[in-house]
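Undergrad: Can you keep this structure in mind? I'll have questions shortly.
Read-outs throughout are calculated quantities, based only on the coordinates presented, and are distinct from any laboratory measurement. Keep in mind that what you see is a predicted model, and the values were worked out from it rather than measured. We place every Cβ from the backbone using ideal geometry, glycine too, and count neighbours over all the protein chains shown.
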Amino acid sequence: MLGEELAAVRCDLEDFAAEMFEPFARADQLRWGSVYLRGLLLDGGRKSVEPMAARLGEDGNRQALAHFVTSSPWDAAHVRARLAWRMQPVVKPTALVIDDTGFLKDGDASACVTRQYTGTAGKVTNCQAGVSLHLASDGASAAVNWRLFLPGSWDPASPKADPARVGRRDRCAIPAEVGHVEKWQLALDMIDETRSWGIEVPQVIADGGYGDTAAFRLGLEERGLDYVVGISTTTTAHPEDAQPCIPACPGRGRRPVPAYPESAQTVKSLVTAAGKRAARPVQWREGSRPGSGRSGHRRMYSRLRIRPAGREICKATAATELPVRWLLTEWPADQGEPMQFWLSNLPETTPLPVLVRTALLRWRIENDYREMKQALGLAHFEGRTWPGRHHHVTLVSAAHAFCTLQRLSRSPKETASA
């Protein structure tokens, strides 16, 4: 925001900060929390402490801001809970969306930095990775929970432990109890924490980085949650009409258990066998005219009922019939093969347009990341500590939520139709 724009909403910002930072034990924490938010919202280049302090005028105390975000002992989870409570009635979420993003780093001194793949760079590179949970609806979204991913090289209990990185844990203030946990498990942990705050949203959306993991899908089902998750083309399944049978008993040893006589196929093979004629156009909104996508071509979608396969699913079903799920596919009219795949446990009566709109709600999170990175400095934190990174992403999420509240209050009808 320009200085005059921020001045016009200064009272709103002070009220919002007081609400978000109410758990703070000291008045100076409340003060510098409010100043830090203002620094994130002001126009400018980098949103790290030093350039923000230069733009904040008489409140630009670099040392105080650095201490607040890096060392001050406030619990980011308490702020995120209050953020979720504030945004739930505004966003009116129809889904929790899980995603992750990378924070590129030149050196290796910051907490949890390692060489790993990140979609931010589109390659394996030196970075931190943060997993986020967003409340989302067609009209708005808000990031309300975060976890910094700790790679195995930073975990002394991991077979992949790197002595140099493990030796930096104390300097990075990584709690002793924090070890390596896969991103999909971090996502489930965040869902549990968010629900413990009283935020009940019975539907989860995630991309293939999570949907490809059967344990993640099973974890959602154990929690009684519906889901629409991306999957890769190599995910295997049986057709809906496939039935297990009991092989002939050889007369010795254990009695054979039911098994599917045919091998599972890839989802791409199942969709290709069903044919392109099964696909039909579905209109949805992506900030552009209905019925068109980024490429300008109409989007064609098909759905099949399938039985996802795999060792973990077979074990979970205890040798009974594999459960039937929706397979949603994007098959562009100008392409010779299907392009994207989603798996869902939504009811059998769910219409195709509802499946499509639910799956594509994830695009809002791409917009969240873009706004938080380009305008609010999500990736600009220059501190090296575990608490500092969690403090910064929480404060950026609060700044983003404040912008969303201002946008909705000025043009609620326009935002709701975006």
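Undergrad: How do the peptides 106-115, 172-181 rank, highest first, by the average count of neighbouring beta carbon atoms within 10 Å per residue? Provide the component values of the computation, followed by the final result.
TA: Working: 106-115: 16.9, 172-181: 14.2.
Order by mean packing, descending: 106-115, 172-181.
Undergrad: Right, here's the next one. Shape call for region 142-274 from the C-alpha gyration tensor, a ≥ b ≥ c root eigenvalues: rounded (a/c under 1.5), prolate (a/b greater than b/c) or oblate?
TA: Values: a/c = 2.37, a/b = 1.69, b/c = 1.41.
Note, shape of region 142-274 comes out prolate.
Undergrad: Add +1 for every Lys or Arg and -1 for every Asp or Glu among the other residues with Cβ under 13 Å from the Cβ of Thr233, and state the total.
TA: After counting each charged neighbour, the total is -2.
Undergrad: Considering the alpha-carbon set of region 61-159 alone, what are its Rg and its Dmax in angstrom?
TA: Spelled out, the Cα radius of gyration and Dmax of region 61-159 are 16.3, 45 Å.
Undergrad: If I fit a long axis through the Cα atoms of helix 386-410 and take the longest principal axis of the Cα atoms of the chain, what angle between them do I get, 0 to 90°, rounded to 10?
TA: The angle comes out near 90 degrees.
Undergrad: Based on the alpha carbon coordinates of the chain, what radius of gyration and maximum Cα-Cα distance (Dmax) apply, in Å?
TA: Just the Cα atoms of the chain yield Rg and Dmax of 23.7, 87 Å.
Undergrad: Give the shape of region 1-73 as rounded, prolate or oblate, defined through the alpha-carbon gyration tensor: a ≥ b ≥ c are the square roots of its eigenvalues, a/c under 1.5 means rounded, and otherwise the shape is prolate if a/b is larger than b/c and oblate if not.
TA: oblate
Undergrad: Taking the 0 to 90 degree range and rounding to the nearest ten, how far is the long axis of helix 10-20 tilted relative to the main principal axis of the chain, both from C-alpha atoms?
TA: Its long axis makes an angle of about 60 degrees.
Undergrad: With label points built 7 Å along Cα→Cβ from the Cα atoms of Arg10 and Gln63, find their separation and express it in nm.
TA: 2.6 nm
Undergrad: For the chain, with only Lys/Arg (+1) and Asp/Glu (-1) charged at the beta-carbon, what is the dipole magnitude about the Cα centre, in debye rounded to 20? Intermediate values should be presented prior to the final figure.
TA: On the way: 53 positive and 47 negative charges, 196 e Å.
Dipole of the chain, to the nearest 20 debye: 940 debye.
Undergrad: OK, next. Can you tell me the Rg and the Dmax, both Å, for the Cα atoms in region 106-166?
TA: 14.6, 47
Undergrad: Let me make sure I get this right: for region 324-394, a, b and c are the square roots of the gyration tensor eigenvalues over alpha carbons, sorted descending. Under 1.5 in a/c it's rounded, otherwise prolate if a/b > b/c, else oblate. Which is it?
TA: The shape class here is prolate.
Undergrad: Let me ask another. Can you give the convex hull volume of the alpha carbon atoms of region 295-414 per residue, in Å³?
TA: Looking at region 295-414, the number lands at 218 Å³ per residue.
Undergrad: For the chain, what is the mean residue ellipticity at 222 nm derived from helices alone (per DSSP H run of n ≥ 4: -39500 (n - 2.57); sum divided by total residues; nearest 500 deg cm²/dmol)?
TA: Values: 16 runs with 159 residues, N = 418.
It lands at -11000 deg cm²/dmol.
Undergrad: With axes computed from alpha carbons, what is the tilt in degrees of helix 27-41 against the longest principal axis of the chain, rounded to the nearest 10 within 0 to 90?
TA: Roughly 70 degrees between the two axes.
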